Structure formats: C-alpha cells, structure tokens
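Undergrad: I have a structure here, written as structure tokens, and I will follow up with some questions on it.
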Amino acid sequence: MKKLTFLLACLLLTVLCQAQIVEATTTGTTSDPMSTDTGSFLTIRENAGQLPSPIVTGNSVELCLNSRYSLHSLSGTATDQQISNIVWAAGKAPFTGTYRNIYVATPTGTYLYDPIGHSLSWYSSDVVSGGAFAIRFERELDFDAGVSFMPALLASVSLCQSTESQVASCPKGSGYLTTRLFFGVQTVKGLTPILVAHSSVPEGQPGWLPDPCTTGSNSIEVVLGNLKYVSNFAQTNLTLQQISQILWAGYGCTPHTIGSKAGLTVPSAVANYYLTQRIYLANENGVYRYHNRTSPGIDLATRDHRIEQIKPADVRGSLQSAVSGLPWAPCYVILCLDSSYVGQEYAHLETGFVASNMLIQATAIDLGCHFKTKLTSGEQSSIRAATNIPASHIPQAIVSIGPMAALVSISAVLQGDGRPDVGWVVPLTTKFFAPGADVLNDTPTYEFQLTTTKSATGNAAVCEATGVAPGTYDITALSEHTLMNAKRGVVISAPNTSVDLGTLLEGDSNQDNIVNLDDYAILSMCWLVSKAQAEYDDRTDFDRNGLINISDLCLLAANWLRSSPVEIPP
Ligand SMILES: [Ca+2]
Ligand SMILES: [Ca+2]
C-alpha cells in the first residue's frame, strides 16, 4: 500500500496543480473563514472524502514566514476549508525519501490523504487529542517530514483573517507512531510585517546582509502550488539581496519570542534551535557561516542577520564533484547538525524545515531550489575538507539555489525547394546577447554551436540550447553559407521556451556578411559541378543537394546584396 501510494504520489509530481486553486472572493480573503459548522468532519465523510478546493488568501510567503509561531495549548474545531488548505500544502512538498504517507487525525477518526485527488479516505478510529486536528507523516526520512511540515504550517498562518478563531499550530509527538503536526482554531497573534532581522554589521562591510523583505507581492498558495524544485540552474550568481532573503527565510529571526528566546521562521523543539551556527553558504566568493544571533552568535535571546566568511575561495566545483547527485548551482547552502544531535529526530525535522522554507522562498523570488540528502560519510568528509566547516558540524543536506535554466527550442527555415532530408542537418551557431546588442561585434552572453535536424512537420531545422538564464535576449542564428538572422527582445523563461528565428538566407559563401559578387565568383568557379568532382565547393551548394546549379544561383540571386544581420520581426 505504501508503495502504491508512493507511486501515485510520484505521478502527482508530474502533473502540476492537480487540485486546482480557486480564487477567493474579490476581497482576496477566505470564503468562509469564520464558519462554526461543527458538522464539518461528517461533511467530509459523506462526500466520500473529497476536500473542498484550496483557496487563495492573498498573503505573501514572506508575511507568513515572519508571522509564524507555535502555540502549545491547542483546541477548537476546524472547518473543511481550513483542513483542505493545510493538508493540500503538506502534499505539495517535494519528496526526499522513498515514500511519504500523510494522515489527518480528526475528532471523528484518522484519514489517509490522497494528494492526487485532494481527498481523505478512512484509515482508523484514532481521533485527535489536544487540538482541532493533526497531520501525521509516515516517511523514510525525518528530514522529509520537516520538508512537508513547513508548507502546511505556512498555509495555516495564511488563513488568518483576525486574531480570533484562527488556525494555530505546533509540531510535536515524539514517541508516538509518527511525528505529528497539531492544529487548533483559537486566538492567535495574527500577521505582521514588522522586520526584526537587521544586520549588526554596518552596511557594505564584510558580513553585512541587506534587510530581507517581509511583505512580498506573491500569494503563498500560488507559490506552494508551483514550487520550483528543479536541478537545472543557470550559471548566474545570486545577488546579496537574494542571499539575504533565502537565509532569512530558512533560519531568520521573527518578532515572536519563546520565553527569553527570540523566535525564528522555523519551529524548534523546546526552542533548542539545533541549526544555530550550523548553516553554511558557498558562492562564487567563498564559504560563509550564517548568524541569526549577535556575536559570538550563540545567545538565543539576541537577533542578527549576517554572514561570516570562513573561507575566501570558490569551492562550488569541489562540492559538486565530491557529492553524488549534487546539481551544479551558483549557490549552495550546507545544513549541518552538531555531531551530538545526528540521529535526533527533532534535529533532523528542523533541518527539513529550513530546507523547505528556502525552497518556498526561492520559488517566491523566481529562483529554483534542490535538496541533496543522504550524504555519505565520505561525502561529509569531502564537504568539510572543501569548506573549512568544523569537524563537529556534520553536513546533513545541501540546498542548491539559483535561477532556473531554460531549455530553448530553436527553429529556422532553410531555403531551397530541392533540399534533401540530409540537407536539413546543418551546423547552426546561435548567440544570446543583452538586448540592443551590436550582434556582429558584441560578445554574447551565450554562444552555442548546434546541429539541426529536420522538424517533425518537415518545414524547419530545429535544435536546442540548454542552460540559458531566464531573461530577455537578442538572439542570432547563422549557418554555413547563410546570412545571420537576429531576433530582438526575445523573452526566455524556464523551463522551456521555443524561438522561431525565421528563414536563413542563403548565398554568403565567403561568410563576410553580405551576398555579392565575391559569392557569385565562388559559385561560378564550380558551375554544374557535383559532389564527386574535385572542383566541388560545398560553400556554394546552398541547397545541399550535391550539385551546384541553377537552384543555387537562384538562391544567391534572390538574396543579392542582402547583408547581416537580417532582422526577424518579433
Ligand atoms: Ca559574401
Ligand atoms: Ca545545390
């Protein structure tokens, strides 16, 4: 059953947004957030377990992160809509182990959640105790449960409309069958954009991080519905603002307090904060330790937001080659646990919380994210050796972050009615420039030496360019003995974009960017010569049919005095 569920869940990952998000009312708020319908669980069962579609609250990822906190005494009754949004979010987390089953314990019994159908099915007569409902996870990795907890927690925060009778939460339950995430419906603190994670380092000084954003223009349900869990990244380094945002989302300070301790974007069992000083970042400038407490960095009553360089060298290549399955990325975050906490369930859960928040935040600011878990002891040693991370800090996961790379499908029409099938297999030089480029002289951002094939429709030569950072480009295409086409202001977005680069004009035998008498001279030297003959010059066999004849002359004549770049309209 677990395997079947896992297979079904894997299918889910290939189908985006099976459970359609529906827009809330025009005010952008929940449709019935104050429902006092005490028969909600009966409604679920009578409707064969189908949950209502999740609603869009309009609250941003950053606002929810900043407002999250745990309430430990939980009570109340949840509506179907509240359960729907929260369990739907849990089901959106990417898998990091071999299986994951999500259960919902309610006052009437425990149900198995089906993320594909967004429905609950009867599982057992175990009822929730100490809250309105609870989510239970069966999984291979504690890290994986942490990854799935966090979207549910943030979705619950986002359901807040007032400070009364809203969803509150607390992860707990070690020693039970599985770790559980409890929810109540009661008085909460509400949403707050007040930023408390300021850097103690003066602006511009080493270690300074700019203030992260706590508002954002996204809606968290939209972000969760389309998490950018990817492994292809563009080779574009992150800005310090992006790094600041990711680190804050993962383990940054928020306004709430737990006793004398300052709270974070993630919950922590008994406010232990297992990852304090255990989060490292590797980018093009070196390796850094993240600090969310003021120097020396261990006083949990303090708040900070800064990085400390521990190695001034780019170790990304070393990491990527040392760790199996680690994608190339412009930025790696290495989540470590103290050796004394390795194997401790809550510590591993917390590692998953941090990774999950980074994924959610990355998605919200249009970056992709990937998790590498199950590091071998050899890989852990290699990571420490490459980074200068202390020996007692044991790497548990690497979070890869960067702009998503796009695969660009390029098509171009080739001239010549008599062109044989093999004549559609041609070399194609494609360049991507910053908009407004002098495409004959400027240095491109990307250059690809590609070979085309004949399209399925038979009327174009097609090829693919990979690893392009999303953005707007001027794109050129050039083949042997053609002029160069240029298409301006092409918007490339991940994961896939198709670009039609028009018809490549034949006739530029000598590749001097104009079709003129010099090209005609080359053609005339081998007039009516075929491929078997010594005089054959493939530079002037424009239609690639193995014979230089009237067809080639007509192409040259048709493009007479045309020159590169040939501007292709958008
Ligand atoms: Ca020429
Ligand atoms: Ca020919």
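Each reported figure results from applying straightforward, stated rules to the coordinates on display, with no laboratory input. In this text, all values refer to a predicted model and were calculated from it rather than measured experimentally. No Cβ is skipped: glycine too gets one built from the backbone with ideal geometry, and neighbour counts run over all protein chains shown.
Undergrad: What is the Å³ per residue value for the convex hull set by the Cα atoms of the chain?
TA: Taking the convex hull of the Cα positions in the chain, it is 185 Å³ per residue.
Undergrad: Another question, if that's okay. Under 1.5 on a/c is rounded, so check that first for the range 194-402, then, if it is not, pick prolate when a/b is larger than b/c and oblate when it is not; a ≥ b ≥ c are the square roots of the alpha carbon gyration tensor eigenvalues.
TA: Rounded is the answer for the range 194-402, as its axis ratio a/c remains below 1.5.
Undergrad: Let me ask something additional. Which far-off residues, 5 or more places away or on another chain, put their amide H under 5 Å from the one on residue 368, with H placed in the peptide plane?
TA: Amide H to amide H, under 5 Å and 5 or more residues apart or across chains, residue 368 pairs with 402, 404.
Undergrad: Let me ask you something else. For the range 356-384, list residues with backbone N below 12 Å from a point placed 7 Å from the Cα of residue 285 toward its Cβ?
TA: Under 12 Å, as judged by backbone N against the label point of residue 285, lies no residue of the range 356-384.
Undergrad: Whole-Hz ³J(HN,Hα) for each residue in the range 70-79, computed from phi via Karplus 6.51 cos²θ - 1.76 cosθ + 1.60 with θ = phi - 60°, x for glycine and proline: what do you get?
TA: These are the phi-based 3J(HN,Hα) values: 9, 10, 9, 10, 10, 7, x, 10, 9, 7 Hz.
Undergrad: Scan around residue 410 for amide H atoms under 5 Å from its own, H built in the peptide plane at 1.01 Å from N, and keep only partners 5 or more places away or cross-chain.
TA: Under 5 Å from the amide H of residue 410 lie the amide H atoms of 463, 464, 465, 499, each far enough along the sequence or on another chain.
Undergrad: What distance in nm separates the two pseudo spin-label positions at residue 388 and residue 116, each 7 Å out from Cα along the beta-carbon direction?
TA: Each label point lies 7 Å from its Cα, and together they span 5.1 nm.
Undergrad: Grab the DSSP H runs of the chain that are 4 residues or longer, score each as -39,500 (n - 2.57), total them, divide by all residues and round the 222 nm result to the nearest 500 deg cm²/dmol.
TA: Estimated from H runs of four or more residues: -6500 deg cm²/dmol.
Undergrad: Mind listing the Cα extents of the range 91-169 along all three principal axes, in Å, largest one first?
TA: 40, 27, 24
Undergrad: Using only the alpha-carbon atoms, how far is helix 240-251 inclined from the longest principal axis of the chain? Give it as 0 to 90 degrees, nearest 10.
TA: The angle comes out near 30 degrees.
Undergrad: How about the range 334-430: which trypsin sites (Lys or Arg not before Pro) there lie in a loop by DSSP and see at most 16 other Cβ atoms within 10 Å?
TA: Hits after loop and neighbour filter: 374.
Undergrad: Which cross-chain or sequence-distant (5 or more) residues have an amide H under 5 Å from the amide H of residue 233, H modelled 1.01 Å from N in plane?
TA: Distant-sequence amide H within range of residue 233: 405.
Undergrad: Just to check I understand the Karplus step: with θ = phi - 60° and J = 6.51 cos²θ - 1.76 cosθ + 1.60, what whole-Hz values come out for the range 440-445, glycine and proline as x?
TA: Those phi angles translate into 7, 10, 6, 7, x, 6 Hz.
Undergrad: Residue 241 label point, 7 Å along Cα→Cβ, cut-off 16 Å on backbone N: hits in the range 197-225?
TA: Output list for this probe position: 204, 209-218.
Undergrad: Could you compute the net charge surrounding residue 256? Neighbours are other residues with a C-beta less than 15 Å from the C-beta of residue 256; K and R count +1, D and E count -1.
TA: +4
Undergrad: Taking a 31 Å limit on the Cα-Cα distance, which of the listed pairs 172/372; 92/374; 189/374; 172/228; 454/531 fall beyond it?
TA: Exceeds cut-off: 189/374.
Undergrad: Diagonalise the Cα gyration tensor of the range 406-568 and give the resulting equivalent ellipsoid semi-axes, square root of 5 times each eigenvalue, largest first, whole Å.
TA: 29, 17, 12
Undergrad: Report, for the chain, the % of DSSP beta bridges that are antiparallel, rounded to 5.
TA: The antiparallel fraction comes to roughly 90 percent.
Undergrad: Take peptides 350-356, 428-434 and line them up by average Cβ neighbours within 10 Å, highest first, as a rough protection proxy.
TA: For the peptides 350-356, 428-434, the packing ranking is 350-356, 428-434.
Undergrad: Given the C-alpha centroids of the range 528-543 and the range 352-380, what is the distance between them in whole angstrom?
TA: That distance is 57 Å.
Undergrad: P(r) for the range 394-485, please, calculated from all Cα pair distances in 5 Å bins and given in %.
TA: Values per bin, smallest distances first: 3, 12, 21, 18, 16, 11, 8, 4, 3, 2, 1, 1, 0, 0.
Undergrad: For the Cα atoms of the chain, what angle does the longest principal axis make with the long axis of helix 80-90, in degrees from 0 to 90, nearest 10?
TA: Between the helix axis and the principal axis of the chain, the angle is about 60 degrees.
Undergrad: Any idea how far the Cα center of the range 466-525 sits from the one of the range 248-286, in Å?
TA: That distance is 51 Å.
Undergrad: Any idea what angle helix 142-158 forms with the longest principal axis of the chain, computed on alpha-carbon atoms, 0 to 90 degrees, nearest 10?
TA: 80 degrees
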